[in-house]
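**Q** My questions all concern the structure below.
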Amino acid sequence: MTNRRSFLTGAGAGITALGASLVSRAGAASLPEAPTHTSSATAAPLPPTGGRPYNPVVTLNGWTLPWRMKDGVKEFHLVAEPVVREFAPGMQVNLWGYNGQSPGPTIEVVEGDRVRIFVTNKLPEHTSVHWHGQLLPCGMDGVTGLTQPGIQPGKTFVYEFVARHAGTFMYHPHADEMQQMAMGMMGFWVTHPKNPRQHAVDRDYVMLLSSYDIEPGSYTPRTNTMLDFNLWTINSRVFPGLDPMVARLGDKVRIRVGNLTMTNHPIHLHGHRFEVAGTDGGWVPKSARWPEVTTDVAVGQMRAIEFVADAPGDWAFHCHKSHHTMNAMGHDVPTLIGVDHRGVAEKINKLVPGYMVMGDKGGSMGDMKMPLPANTLPMMSGDGPFGNLEMGGMFTVLKVREGLKRGDYSDPGWYRHPAGTVAREWTGDGAEALPPAPRAPDARPAPAPAGQAMDARKPGANDMTGHEHH
Ligand SMILES: [Cu+2]
């Protein structure tokens, strides 16, 4: 009834059997199931149901696409379609994704596997899928116009190739890219080594970085934005909507990060040292690795970092660009430190009820409850054991605990610090004498605090830069 030939020579007029091709009616009758997933919780790792064994990955706040084996070929079915993604409780976003979610499900295969991926387009415009980092026949590369025609709405294409090398990859459209990626179309791909003991770790997390420009109160990203995004996401979630990464004390942990935003992200982990063990080009030889606590993931790059989780605690993991650990309401706010604008606020309040003075003592809004427009998130939030975390965006926590069960990814709650190991207020009693705090030799008087008269001078009209005027 159906065979591989009918897929590859199907109804797509003018398409050669060498490239990605339209699925014929006969082929469509035997399409593998296209499972969907709408929960934004982190799904348990999906162990292989056949083929070579591997150690499955965990997609933070995401899931892995099940497959079926057919005549020795692993068959997957992706459906490109509009989805609704919760970025964090309180904010739903209209995105485009795959199989009910953005990012799409993670695809896991083993080095040497022959893989067949059916892609059904339920978007209102054509699309294609590019398999970023794969070494494959050119006609399977998924570049609309160059290696295949676009997959028109309602149509299904089939891609087929051998996953030739193990590593960390992703998939995304190469069709109307600016729109489709700005709408969240992307997914992770992991090709496991043939030998499961090679590059083996105890926990293997994967995440894709994406960014969105969503006006507070609206539900759909502005897709023509080039640089000025206001939501910086890990797997289309923002803190506090991101689950923690959990590790047992002593576990070897890998975190694979792919960047499909328009800027680089220096990814930083607290309390540990890691090495970059892989890129989308493959594994880094051991002799070429060096210790790091931050690694930059540039646009279109992937980095697999590895470390031993040897320090119990709740450790911050985040992009080091401070604007990227902030949600929508923190953008385009002028600096008001040192400015007394209480009078201005009163006047504005008559025109704009609810206007709030922000940031005259700094930016911290952790304790303020301000009315937000519907469907957006405060710029920094998230309740921790010591109060508000003042974080959003690309931020989550690595929770390292003793005695966790292998394969237990559930949130162990907040870390219980051993007595005497937490920073605390110094109250002057006890044995510690306050050491002197010498000031820089040429220290100047600080600017007047808010509420006092200020002698405003333009920067540059004084010698703050240290240069003499001539
Ligand atoms: Cu960043």
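**Q** Go through the stretch 143-154 and report how many residues are closer than 17 Å to Tyr171 by Cβ and open to solvent by 60 Å² or more (accessible area, probe 1.4 Å). Write out each step before concluding.
**A** Here is the first cut: in the stretch 143-154, the ones closer than 17 Å to Tyr171 by Cβ are 143-144, 146-148, 150-151.
Now narrow it down to the ones that are open to solvent by 60 Å² or more (accessible area, probe 1.4 Å): 146.
Residues meeting the conditions: 1.
**Q** If I filter the stretch 255-272 down to residues being under 10 Å from Arg303 (Cα atoms) and more than 14 Å from the ligand (Cβ to nearest atom), which single residue comes out as surrounded by the fewest Cβ atoms within 10 Å (Cβ to Cβ)?
**A** Going through the stretch 255-272, the residues under 10 Å from Arg303 (Cα atoms) turn out to be 255-259, 267.
Now restrict to residues that are more than 14 Å from the ligand (Cβ to nearest atom): 255-256.
Values: Ile255: 23, Arg256: 27.
Taking the candidates together, the pick is Ile255.
**Q** Could you tell me whether the stretch 326-346 includes any residue that is within 16 Å of the ligand (Cβ to nearest atom), part of a helix (DSSP H, G or I) and either at pLDDT below 95 or over 23 Å from the mean Cα position of the chain (by Cα) (or both)? I'd like the intermediate steps shown before the answer.
**A** Of the stretch 326-346, the ones within 16 Å of the ligand (Cβ to nearest atom) are 326-328, 330-331.
Applying the additional criterion that residues be part of a helix (DSSP H, G or I) yields 328, 330.
Right, trim to either at pLDDT below 95 or over 23 Å from the mean Cα position of the chain (by Cα) (or both) and you get 328, 330.
Yes - at least one qualifying residue is present in the stretch 326-346.
**Q** For Asn224, state whether it is surrounded by 15 or more Cβ atoms within 10 Å (Cβ to Cβ) and touching a helix residue (DSSP H, G or I) at 6+ places or on another chain (Cβ under 9 Å).
**A** Numbers: surrounded by 15 or more Cβ atoms within 10 Å (Cβ to Cβ): no; touching a helix residue (DSSP H, G or I) at 6+ places or on another chain (Cβ under 9 Å): yes.
For Asn224, the condition - surrounded by 15 or more Cβ atoms within 10 Å (Cβ to Cβ) and touching a helix residue (DSSP H, G or I) at 6+ places or on another chain (Cβ under 9 Å) - is not met.
**Q** Also, I was wondering about something else. Just to verify a result, which residue in the stretch 273-291, among those that are at pLDDT 95 or above and under 20 Å from the mean Cα position of the chain (by Cα), is most open to solvent (accessible area, probe 1.4 Å)?
**A** Ranking the candidates gives Glu275 first.
This table checks each residue for (1) modelled with pLDDT under 65; (2) open to solvent by 60 Å² or more (accessible area, probe 1.4 Å).
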{"site": "Ala13", "(1), (2)": "yes, yes"}
{"site": "Ala26", "(1), (2)": "yes, no"}
{"site": "Pro32", "(1), (2)": "no, no"}
{"site": "His37", "(1), (2)": "no, no"}
{"site": "Arg52", "(1), (2)": "no, yes"}
{"site": "Asn55", "(1), (2)": "no, yes"}
{"site": "Gly72", "(1), (2)": "no, no"}
{"site": "His77", "(1), (2)": "no, no"}
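**Q** Please note which strands (runs of 3 or more DSSP E) are completely contained in the stretch 121-206 and include at least 3 residues that are without any contact (Cβ under 8 Å) to a residue 12 or more places away in the chain, more than 28 Å from Asn61 (Cα to Cα) and touching an Asp or Glu at 6+ places or on another chain (Cβ under 8 Å).
**A** On the way: elements: 130-132, 156-162, 167-172, 187-192.
Answer list for the stretch 121-206: none.
**Q** Which of the residues belonging to the stretch 228-243 are out of contact with any Gly (no Cβ under 8 Å at 6 or more places or on another chain) and away from the ligand (no atom under 16 Å from the Cβ)?
**A** Gly241, Asp243
**Q** Out of the residues in the stretch 408-434 that are open to solvent by less than 90 Å² (accessible area, probe 1.4 Å) and over 26 Å from Phe87 (Cα atoms), which is modelled with the lowest pLDDT?
**A** Going through the qualifying residues, I end up with Gly430.
**Q** Sticking with this structure for a sec: Which condition number in (1) over 19 Å from Ser381 (Cα atoms); (2) crowded, with 16+ Cβ neighbours inside 10 Å; (3) within 16 Å of the ligand (Cβ to nearest atom) is the one that Tyr212 fails?
**A** (1)
**Q** Is it true that Val246 is away from the ligand (no atom under 16 Å from the Cβ) and touching a Phe, Trp or Tyr at 6+ places or on another chain (Cβ under 6 Å)?
**A** Values: away from the ligand (no atom under 16 Å from the Cβ): yes; touching a Phe, Trp or Tyr at 6+ places or on another chain (Cβ under 6 Å): yes.
Yes; evaluated as a whole, the condition is true for this residue.
**Q** Which condition number in (1) crowded, with 18+ Cβ neighbours inside 10 Å; (2) over 23 Å from Pro45 (Cβ atoms) is the one that Asn235 fails?
**A** (2)
**Q** Name the residue that is farthest from Phe169 (Cα to Cα), counting only residues in the stretch 186-209 that are basic (Lys, Arg) and surrounded by fewer than 19 Cβ atoms within 10 Å (Cβ to Cβ).
**A** Taking the stretch 186-209 first, the residues basic (Lys, Arg) are 194, 197, 203.
Those left that are additionally surrounded by fewer than 19 Cβ atoms within 10 Å (Cβ to Cβ): 194, 197.
Numbers: Lys194: 16, Arg197: 20 Å.
Out of the qualifying residues, it is Arg197.
**Q** Tell me, please, whether a residue that is modelled with pLDDT of 95 or more and within 25 Å of the chain's Cα centre (by Cα) can be found in the stretch 143-155.
**A** Yes, the conditions are met somewhere in the stretch 143-155.
**Q** Going through Met140, Met170 one at a time, which residue ends up being in contact with a Phe, Trp or Tyr (Cβ under 9 Å, 6 or more places away or on another chain) and surrounded by 24 or more Cβ atoms within 10 Å (Cβ to Cβ)? Working first, answer last.
**A** Details: Met140 fails: surrounded by 24 or more Cβ atoms within 10 Å (Cβ to Cβ).
That would be Met170, the only listed residue that is in contact with a Phe, Trp or Tyr (Cβ under 9 Å, 6 or more places away or on another chain) and surrounded by 24 or more Cβ atoms within 10 Å (Cβ to Cβ).
**Q** Read through the list (1) within 30 Å of Ser218 (Cα to Cα); (2) touching a helix residue (DSSP H, G or I) at 6+ places or on another chain (Cβ under 9 Å); (3) open to solvent by 50 Å² or more (accessible area, probe 1.4 Å), then give the number of the only condition that Trp96 fails.
**A** All conditions are met except number (3).
The values are calculated or read from the model by the stated rules, or taken from the named source; none is laboratory data. Bear in mind the structure is a predicted one, so any value in this text is a computation, not a measurement. Cβ: placed from backbone, ideal geometry, glycine included. Neighbour counts: every protein chain shown. To get the accessible areas, we keep the full protein, side chains included, count just its heavy atoms, and leave off ligands, DNA and RNA. Shrake-Rupley method; radii C 1.70, N 1.55, O 1.52, S 1.80 Å.
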